[in-house]
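Note sheet for the following structure.
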Amino acid sequence: MGVNNIPYKTCTYSCVYCQLGRTARLSVERKCFYDWRDVAGEVVDFVSRNRDSVDYVTFVPDGEPTLDACMGRIIEFVKRETGVRVAVLTNASLMWMEDVRGDLELADVVSVKVDSVAEQVWRRINRPHPYLVLERILDGIREFSSSYKGTLISETMLVRGVNTDKGVYRDIATFLRELRLSKAYISVPIRPPAESFVEPPTERELVEAYEEFQGILGSGRVELLNMPEPPPRLVSGDPAAWLLNTCAVHPLRYGEAVEALAGRVEDPVGLIEGLVRENLLLKTEYRGTMFLVRNFRRRQ
């Protein structure tokens, strides 16, 4: 269940890739935009009527959720009245504030956005409020990570020509290694962005980012988010569908794909090459290894 606790496009950033367009109200001022009792009451009412279908109550509004000074009170009330887990998806721009970190401590899962740790790139891709200072934000994320008891994940959006560079990948991953992360997600623009120049990374750039992150953060701690549905962990159901879903989440080595499919289909290579000919999969070589990548541009 998603909670929209912020007025439309009220945010600390005006990211070039935002699917909601440019930020209408750029702000760093925390305030209670709505009566928190009304918001919390609506959430509790919905959860009580749909208990079996709600796994998380997630703060993912049309802006930056931590701008809501009443967010902590809403989280406390919802958890106390329903027992359901709460997640917050934040761009992390206000985590240098002690009260913001305190509110986020109440959540079971917190996702932080880290698109760059370099000042120039950060300003170009996230277009922050002029009051914000990148180093202060990064320090706030570090401090939060050191004390947070819940599940911490990160998300990095890649925009071709803006933050698609091996040095950028390495610097972000090196920073993320300082955190107590459960998982680092790499995203690509798959919906119409705020600015027309925004394009997803090339398949090669996507593989480079994935390999750089995995090399620094470790195997199993990095995933791609270029489709809404996660892939199954095992080859189940239709093998072609399994392969497409898997490659949509992370680049898959060609040899590993053949090996995984060997027990399920008579001709694994034929299946793979058929999907390549249909332009559903793309082959790209990186450091001497052939990878399979889902052609997400076709999905657009």
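A few comments on the model shown:
- Those residues of the range 149-197 which are modelled with pLDDT under 95 and within 21 Å of residue 88 (Cβ to Cβ), in sequence order: 187
- The number of residues in the range 163-184 that are surrounded by fewer than 22 Cβ atoms within 10 Å (Cβ to Cβ) and either in contact with a Lys or Arg (Cβ under 9 Å, 6 or more places away or on another chain) or touching a residue at least 60 places away in the same chain (Cβ under 8 Å) (or both) comes to 6.
- Qualifying residue in the range 33-41 (condition: more than 30 Å from residue 134 (Cβ to Cβ), in contact with a Phe, Trp or Tyr (Cβ under 7 Å, 6 or more places away or on another chain) and small (Gly, Ala, Ser)): yes
- Qualifying residue in the range 57-71 (condition: open to solvent by 50 Å² or more (accessible area, probe 1.4 Å) and either touching an Asp or Glu at 6+ places or on another chain (Cβ under 8 Å) or assigned to a helix (DSSP H, G or I) (or both)): no
- Residues that are open to solvent by less than 70 Å² (accessible area, probe 1.4 Å) and not in a loop (DSSP other than H, G, I, E, B) within the range 27-56 comprise 36, 39, 40, 41, 43, 44, 47, 56, listed in sequence order.
- Residue in the range 216-223 that is of a type in the set (A, V, I, L, M, F, W, C) and within 14 Å of the chain's Cα centre (by Cα) present: yes
- Subset of the range 114-161 (residues that are in contact with a Leu (Cβ under 9 Å, 6 or more places away or on another chain), in a loop (DSSP other than H, G, I, E, B), surrounded by 13 or more Cβ atoms within 10 Å (Cβ to Cβ) and of a type outside the set (Ser, Thr, Tyr)): 114, 115, 117, 118, 127, 129, 132, 150, 158
- Cβ-Cβ contacts under 8 Å between residues 6 or more apart (or on different chains), taken from a first residue in the range 1-18 that is closer than 28 Å to residue 51 by Cα to a second residue that is of a type in the set (S, T, N, Q) and at pLDDT 90 or above, are listed as 1/58; 2/58; 3/58.
- Failed item, numbered, when residue 197 is tested on (1) within 26 Å of residue 109 (Cβ to Cβ); (2) in a loop (DSSP other than H, G, I, E, B); (3) in contact with a Gly (Cβ under 9 Å, 6 or more places away or on another chain): (1)
- So residue 77, is it in a helix (DSSP H, G or I) and of a type in the set (Phe, Trp, Tyr): yes
- When residue 85 is tested against (1) under 21 Å from residue 138 (Cα atoms); (2) out of contact with any helix residue (DSSP H, G or I) (no Cβ under 6 Å at 6 or more places or on another chain); (3) not hydrophobic (A, V, I, L, M, F, W, C), exactly one condition is not met: (1).
The values are calculated or read from the model by the stated rules, or taken from the named source; none is laboratory data. Every value quoted in this text rests on a predicted model; they were computed, and no experiment measured them. Every residue, glycine among them, receives a Cβ derived from its backbone with ideal geometry; neighbour counts consider all protein chains shown. Side chains included, ligands, DNA and RNA excluded: accessible areas come from the protein's heavy atoms. Shrake-Rupley method; radii C 1.70, N 1.55, O 1.52, S 1.80 Å.
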